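Student: This is the structure, below, for whatever I ask next.
The values are calculated or read from the model by the stated rules, or taken from the named source; none is laboratory data. Predicted, not measured: the structure shown is a model, and the values here were computed from it. All Cβ positions, even for glycine, are placed from backbone atoms using ideal geometry, and neighbour counts span all protein chains on display.
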Amino acid sequence: RELGIELDDDRLNEVFERFKRLADKKKEIFDEDLLTLLAEDRAAARERIKLVSLHVASGTQDTPVAAVELEIDGKIYKATSEGDGPVDATFRAINSLVEPHGKLLLYSVNAITSGTDAQGEVTVRLQDGDRIVGGQGADTDIIVASAKALIAALNKLPDAHAKETHPQYSGI
């Protein structure tokens, strides 16, 4: 309420659960962190594509690999992809499940607060034909923030849908 935001009990409980998870990762929570949680909560209510899980393996001697699980229109889809780096592998995995996925025009990372435990905010911009959309994601893990940003942008493409013929479609 100090920030001028009122929530009903259900939304307050959902945001509070996410706040507790963030507090477990960070030493100190700032107003900017809370505002980011609230903005993500509002966006999540309209999402058709949702990040269920993400696992990334990367190292100096290994090819980065990302395994992603998405919920698209209520169905679960999974994919694994390699890439030039962990973000590239993550984007390739997500894009293998969604069409159209557009061309990446912008990828930008900023720290929301200071410190090594700060949330990183990623901004992406996609172009699909003559339409340009943007998305933002925030997390203390920059790869997760990147996935959230891409998914936020994909959710703004009105024709975005699952590739039903994907070999790893689980149909759950």
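Student: Answer yes or no: is there a residue in the range 42-52 that is within 23 Å of ALA111 (Cβ to Cβ) and modelled with pLDDT of 70 or more. Steps first, please.
Tutor: Step one: list which residues in the range 42-52 are within 23 Å of ALA111 (Cβ to Cβ), which gives 42-44, 51.
Then keep just the ones that are modelled with pLDDT of 70 or more; that gives 51.
Yes, because at least one residue in the range 42-52 is within 23 Å of ALA111 (Cβ to Cβ) and modelled with pLDDT of 70 or more.
Student: Restricting to the range 60-114, what's the tally of residues that are of a type in the set (A, V, I, L, M) and in contact with a His (Cβ under 9 Å, 6 or more places away or on another chain)? Break it down into steps so the answer makes sense when it comes.
Tutor: First, pick out the residues of the range 60-114 that are of a type in the set (A, V, I, L, M): 65-68, 70, 72, 76, 79, 87, 89, 93-94, 97-98, 104-106, 109, 111-112.
Then drop every residue that is not in contact with a His (Cβ under 9 Å, 6 or more places away or on another chain), which leaves 65-68, 72, 79, 94, 97-98.
Summing the residues that are of a type in the set (A, V, I, L, M) and in contact with a His (Cβ under 9 Å, 6 or more places away or on another chain) in the range 60-114 gives 9.
Student: Right, here's the next one. What are the pairs with Cβ atoms under 8 angstrom where one residue, in the range 18-33, is farther than 18 Å from ALA111 by Cα and assigned to a helix (DSSP H, G or I) and the other, located anywhere, is modelled with pLDDT under 75 and among the charged types (D, E, K, R)? Sequence gap at least six, or different chains.
Tutor: ARG18/GLU40; ARG18/ASP41
Student: Return yes or no: is ASP139 modelled with pLDDT under 95, charged (D, E, K, R) and buried (at least 20 other Cβ atoms within 10 Å of the Cβ)? Full working, then the answer.
Tutor: Values: modelled with pLDDT under 95: yes; charged (D, E, K, R): yes; buried (at least 20 other Cβ atoms within 10 Å of the Cβ): yes.
So ASP139 passes the test.
Student: I've got another one for you. Could you run through the range 58-75 and say how many residues are in a strand (DSSP E or B) and loosely packed, with under 13 Cβ neighbours inside 10 Å?
Tutor: Step one: filter the range 58-75 for residues in a strand (DSSP E or B), giving 58-59, 62-72, 75.
Next, only the ones that are loosely packed, with under 13 Cβ neighbours inside 10 Å stay: 59, 62-63.
Total satisfying the criteria: 3.
Student: Another one. Of the conditions (1) within 21 Å of ILE29 (Cα to Cα); (2) touching a strand residue (DSSP E or B) at 6+ places or on another chain (Cβ under 6 Å); (3) surrounded by fewer than 19 Cβ atoms within 10 Å (Cβ to Cβ), GLY115 satisfies every one except a single condition; which number is it?
Tutor: (2)
Student: Could we say that PRO86 is in contact (Cβ under 8 Å) with a residue 40 or more places away in the chain and more than 16 Å from the chain's Cα centre (by Cα) here?
Tutor: Numbers: in contact (Cβ under 8 Å) with a residue 40 or more places away in the chain: yes; more than 16 Å from the chain's Cα centre (by Cα): no.
When the stated conditions are applied, PRO86 does not pass them.
Student: Being touching a helix residue (DSSP H, G or I) at 6+ places or on another chain (Cβ under 7 Å) and more than 16 Å from GLY137 (Cα to Cα) is the filter here; which residues of the range 87-116 pass it?
Tutor: Answer for the range 87-116, where residues must be touching a helix residue (DSSP H, G or I) at 6+ places or on another chain (Cβ under 7 Å) and more than 16 Å from GLY137 (Cα to Cα): VAL98, HIS101.
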